[in-house]
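Each reported figure results from applying straightforward, stated rules to the coordinates on display, with no laboratory input. Since we're looking at a predicted model, the values are computed, not measured. Because the Cβ atoms are built from the backbone with ideal geometry, glycine has one as well, and the counts that use them run over all protein chains shown.
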4 protein chains.
Amino acid sequence: MAIAILTSGGDCAGMNPAIKQFVDYCFNKKIEPFLIYDGLEGLIDGNIKKASYDDVAGIMHEGGTKIRSSRSKRFFDLEYRKQAFENLQKHGIDKLIILGGDGSFRALDQFYKDFGIKFIGIPATIDNDIFGTEYCLGVDTALNIIREATDAIRDTSASFKRACVIETMGRDCGYLALVSAITCGAEVCMIPELDYDLEVIGKRLKQELKEGRKYIVCVVAEGCSKNRCTTTNELVRWLEEDVGIETRATILGHIQRGGNPTVYDRLMASEFVTFAIEEILKEDSESSVIVYNKSEFQFVSIDYVNSSKYEIKKELLDLARRLVN
Amino acid sequence: MAIAILTSGGDCAGMNPAIKQFVDYCFNKKIEPFLIYDGLEGLIDGNIKKASYDDVAGIMHEGGTKIRSSRSKRFFDLEYRKQAFENLQKHGIDKLIILGGDGSFRALDQFYKDFGIKFIGIPATIDNDIFGTEYCLGVDTALNIIREATDAIRDTSASFKRACVIETMGRDCGYLALVSAITCGAEVCMIPELDYDLEVIGKRLKQELKEGRKYIVCVVAEGCSKNRCTTTNELVRWLEEDVGIETRATILGHIQRGGNPTVYDRLMASEFVTFAIEEILKEDSESSVIVYNKSEFQFVSIDYVNSSKYEIKKELLDLARRLVN
Amino acid sequence: MAIAILTSGGDCAGMNPAIKQFVDYCFNKKIEPFLIYDGLEGLIDGNIKKASYDDVAGIMHEGGTKIRSSRSKRFFDLEYRKQAFENLQKHGIDKLIILGGDGSFRALDQFYKDFGIKFIGIPATIDNDIFGTEYCLGVDTALNIIREATDAIRDTSASFKRACVIETMGRDCGYLALVSAITCGAEVCMIPELDYDLEVIGKRLKQELKEGRKYIVCVVAEGCSKNRCTTTNELVRWLEEDVGIETRATILGHIQRGGNPTVYDRLMASEFVTFAIEEILKEDSESSVIVYNKSEFQFVSIDYVNSSKYEIKKELLDLARRLVN
Amino acid sequence: MAIAILTSGGDCAGMNPAIKQFVDYCFNKKIEPFLIYDGLEGLIDGNIKKASYDDVAGIMHEGGTKIRSSRSKRFFDLEYRKQAFENLQKHGIDKLIILGGDGSFRALDQFYKDFGIKFIGIPATIDNDIFGTEYCLGVDTALNIIREATDAIRDTSASFKRACVIETMGRDCGYLALVSAITCGAEVCMIPELDYDLEVIGKRLKQELKEGRKYIVCVVAEGCSKNRCTTTNELVRWLEEDVGIETRATILGHIQRGGNPTVYDRLMASEFVTFAIEEILKEDSESSVIVYNKSEFQFVSIDYVNSSKYEIKKELLDLARRLVN
């Protein structure tokens, strides 16, 4: 019996601990583990290798993914999927574990329908925007990297009576920005999920500055720019001209993806992979996605994951309401 | 209306973010917040101060507790509790939020029975050993500090074909050691909750060393020493003499308590405090403890918290079974 | 006898340890220490306070400057300088220690010529661009923050067969980018001090990619944009179009200024301040700047500091020559 | 022409960047680089491998040494040295770069006298106790790890009105403890190089506690135990009984050796290795040690390095004098 793992789409911290646990757990179960390099592109190109202990030794504390990732247009094409299938057959692989987002899961679902290769998808994206799971692998590490950057930027803002605007990743989802704003003590938070009133915020900030406030921290989700024409640059202009405080912007960018995985992401990686392997080994298992809700791991269908858009839970949004007014 | 916060027993990261959220949220709610310094000792000695923004500015990223903590024997004495009650009356305080362990909660429960001062206890201890809650404040930061130390120690062990034994805190509970062993890729894990078989472990390690293993990481809970006479030193001796590998021990000690709180602990601090305040403001609220289970915050009685001993959940223990054989 | 300290111009890590050592050392010497808040602006506005232990307790590990900084246009005006002088007289202060750059030193030199207030300037800027000293306070911390960011970005680049372009601060000086490129294992380094040949670099990178290279790290000094029209964005375009590799840019921005000061910056802060105080207490001391060269602290004149432009030493430039061809 | 590198004695951060620079620089110079694994033991056992880019890719940010280290008794024996020489001959290696301490240098000096194999020793030890050089590779990283641990321990001490005693490594040399005490704001520092007066210190501490001091940080060099019978445990007892403050001890242990190398250690590694290779390639080069003094690299003889005991410079000792009285 042989099983393979691949990582697909945007990389995140936690992928390497997952790969390590995959290999260790398979050896423990006497199953042959394979690594597919370069995601779906590597699956097409036959970049597949039987795993050894050495392949995964000492990768637990590395960010990103040692087996690399990709975004594949070719995989939409049946011919390339056929080629991918033949590559798997050569190695006798009939089961896949994939770390990635819903797009990657859909791709493998089509592959399953075409050729019957069973798979389990593990939600892994720093955006935390997959419907049906409270948590996606990599989010905790990304949040802690943002925290360190924000703590550093606040130091320098506080030295100058300045405002700083910090733009986080997250695509259309404001989760990263929201949690960062709450946990870094920001004064303003802008995310696609919350309406804000610049006039009210402006009044509040001016009042606080008058009362002695020494700096202002604003956290903005990148998703805001697309939806509402409030780019980070416009916010800077508004702070300088309307609120009347010198302002600097920082777009955190790709530092949010890398970094030594936190304990939480390492543990989630171990659990996601362990339960996914256990499930896929069951005779009657159907291809599906492992999700984490209310402290429990469950399996749901691709259709369920695609049926709706992820929504941040109300209690969390409520914690930030005073930052949007 | 006035409400006060205090921290009691062992300190942990996350207490400062909780104190900050307490003050911010009270101001937002137009309630007068008070800080009680030095825990129950300070309550007896009247070390109480109306909180201002300045008291909590910039404490979010500090470890420990800015209002300090203590262990109080005097509070067992009714006379001192009476003195404490009079101190609260002077300031018009009739509600308390306390961060600490079950011992601290019992102390305030007696105080409530004596004088009717309502309180909510927030479980805060790096040991994660309070019955009735999956999570205690401070655990995530402690785990990440252990992770960094273990990553560093492994570097040096791997440079020398050595074993290292790392002893974590946790009193009678093996949670810290267990999660650290899983997430740091340890080869051996010893905790009070799991039986281990040194002979079987020894065979496994010798086999792996023969096959090329370059280092061995063992994580041991301090609780093991008390229960089973397996001190860290004995384990070192066993590794050197029976397994036949040079070994070094590190007792992590108090570095596990301090440190910049992680995002998870900061967020839990905000939520614990917010929901605790909301609850205690309700007319019909009875003194109790806020707990976190299955992604939800609930309120339980002191009696419930005292009714049983915390047990690590089975799925987590299972992940470590291959490390005890 | 009374002496005051102020921080001026861009902030940097190491200023707080310097302020703490200033207060501690003065107390030890039985001299009255004063803190001037908000730099030269605060000097004009009389924002001056006698220092206490509490003012500096626990600031050693904070980035930025607790007594804040500013850039002051008013100080060019004699009338405001007179006002500043009168503020000092009120407190009996006749000596100043200033942390900042050469512009700040020139301002105080004029002040000295006007009113005879002696001062010592301590070079403090992450740009490391002050002539006459090998080291400016804050550089080591900035370099280590860049290192952590670069390590994280490389993780994600390596996961995708991508190039990354990382832009550091440094104004006209390439020191930060140069040292970062050498110590983070970059493949390309662009700084104002070194000529580079894109054609040769392009050939080298294409060859290495053909031989299996998985990612490319380029470090660029912000000073390059101004001098040679090679903005970070143009470099991205060149990598994508000419070299043929997907590329992402990160402008590190203000995270480079903050952060917990490293041991080197804390130690330099202690030594700079100690020797500066010792010098200024000498009867015959003339206003000047403390510099650090060949492991020794010396005092030079403002004129000397202004006489030339800082140049990176040849040995260091040589280490990076293979990154510009 | 072929040249090999090995690491010997205690490992330290900075060794991996040195190994990487060794390989990169040799390739650039068109010299064949070899790696000797497991130090002098591996030299005897023929554990030697021609280096490839892959051997050193991505090791820059790893602590310890990827080619491992050892302490070798066998190398004292001429027969084993002969075997080592024959191993080198097989690969055509006639030059060695060794990272380690003076003991390792002496071993290779004997080897040179026996068989004419030229070598350059690079001082690498966190103890910073090699005569003739201001700096040994690895010290800066060790100091920053101690700093982080001390910052964390202070958090928890300050939460409890407690003293903490922190024992650092350093063998007979107090450098690590001294610099840590100065830069972490300790109240007491005990190192073999400085006499202290417990009575005077006790008086000072009691006075400060009376005036409101909330915690005490003591940094102790491990070397103190051997020389003066003042073990860390005795200091704890003294603080608790004589000074009258609850006290906790932490022996930092092996976390001081590992860790991601700092920028300073990475840069020193690059420079040490580059200049060592340049020197050893000269026809008339004699076996010797590269040292760093007054911002310059020089070459000295083994005899010079062995002629005296390393002494901490007076200015640095002076900075700590108020911590021993």
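Observations on the structure shown:
- Rotational relation D to C, axis-closest Cβ in chain D, residue and distance rounded to whole Å: D:Lys294, 2
- Kirkwood Rh in Å, taken over the protein assembly as shown so that all alpha-carbon pairs contribute: 32.2
- Computed from Cα atoms, the angle from the helix A:15-29 axis to the main principal axis of chain A rounds to 30 degrees.
- Between identical copies, the spacing of C:Glu240 label points, each set 7 Å from Cα toward the C-beta atom, reads 2.7, 6.0, 6.5 nm from nearest to farthest.
- Relative to the Cα centre, the charge distribution of segment D:140-257, modelled as +1 at Lys and Arg Cβ and -1 at Asp and Glu Cβ, gives a dipole magnitude of about 240 debye.
- Angle in degrees between helix A:263-280 and the longest Cα principal axis of chain A, rounded to the nearest 10: 30
- For segment C:200-322, the convex hull spanned by the alpha carbon atoms encloses 183 Å³ per residue.
- Taking every residue in D:55-64 and counting other chain Cβ atoms within 10 Å of its Cβ, the average works out to 6.
- Rounded to the nearest 20 debye, dipole of chain D from Cβ charges on Lys, Arg, Asp, Glu: 460
- Put a dot 7 Å past the Cα of D:Lys214, heading toward its Cβ, do the same for A:Glu296, and the two dots end up 4.5 nm apart.
- Of C:Leu43, C:Gly223, C:Leu88, farthest towards positive along the dipole that unit charges on Lys, Arg, Asp, Glu beta carbons give chain C: C:Gly223
- Look at the dipole of segment C:140-257 built from charges on Cβ: of C:Thr247, C:Leu235, C:Cys189, the Cα furthest out on the positive end belongs to C:Thr247.
- Sequence-separation-based contact order of chain C, relative, with Cα cut under 8 Å and 6+ spacing, percent: 23
- In this label model, D:Asn233 and A:Tyr304 are separated by 5.8 nm, measuring between points 7 Å along each Cα→Cβ vector.
- Nearest 10 degrees, 0 to 90: helix C:198-210 Cα axis against chain C principal axis: 60
- Rough spin-label spacing in nm, given labels placed 7 Å along Cα→Cβ, for D:Leu281 and C:Asp284: 5.1
- Shown here are the Rg and Dmax of the Cα trace of segment B:140-257, at 13.2, 38 Å.
- Segment A:140-257, relative contact order [Cα under 8 Å, separation at least 6], %: 39
- Shortest first, D:Arg71 label-point distances to identical copies amount to 3.8, 5.5, 5.7 nm, with the label point at 7 Å from Cα along Cα→Cβ.
- Dipole in debye (nearest 20) - the protein assembly as shown, about Cα centre, beta carbon charges: Lys, Arg +1; Asp, Glu -1: 0
- Sorted from nearest, the other copies put their C:Lys90 label points 3.6, 8.2, 8.3 nm away, the label point being 7 Å from Cα in the direction of Cβ.
- Take every pair of alpha-carbon atoms less than 8 Å apart whose residues are at least six positions apart; their mean separation over the length of segment A:255-325 yields a relative contact order of 16 percent.
- Over segment C:75-173, all Cα pairs binned in 10 Å intervals from 0 give whole-percent P(r) values of 13, 31, 22, 17, 10, 6, 1, listed from short to long.
- Rg/Rh for segment C:1-66 (Cα atoms only, Rh after Kirkwood) is 0.95.
- Put simply, the C-alpha atoms of segment A:281-323 give a gyration tensor, and the ellipsoid matching it has half-axes of 31, 13, 5 Å, longest first.
- Across the cross-link table entries D:Lys20/D:Lys50; C:Lys30/C:Lys282; A:Lys282/A:Lys309; A:Lys161/A:Lys210, which are compared at the Cα atoms, the separations over 18 Å belong to A:Lys282/A:Lys309.
- Shielding of peptide C:157-169 by partners, expressed as the average count of other chain Cβ atoms within 10 Å per residue Cβ, is 4.
- Rounded, prolate or oblate (a/c below 1.5 giving rounded, otherwise prolate when a/b exceeds b/c) for chain C by Cα gyration tensor: prolate
- Loop-located trypsin sites (Lys or Arg not before Pro) across segment A:1-73 with a Cβ neighbour count of 10 or fewer within 10 Å are A:Lys30, A:Lys73, with loop assigned by DSSP.
- With a 10 Å cut-off around each Cβ of B:176-184, the average count of Cβ atoms from other chains is 4.
- For D:Glu246, distant residues with modelled amide H under 5 Å away: D:Ala163
- Toward the positive end of the charge dipole of chain D, with +1 on the Cβ of Lys and Arg and -1 on the Cβ of Asp and Glu, the farthest Cα among D:Ile3, D:Ile312, D:Leu178 is that of D:Leu178.
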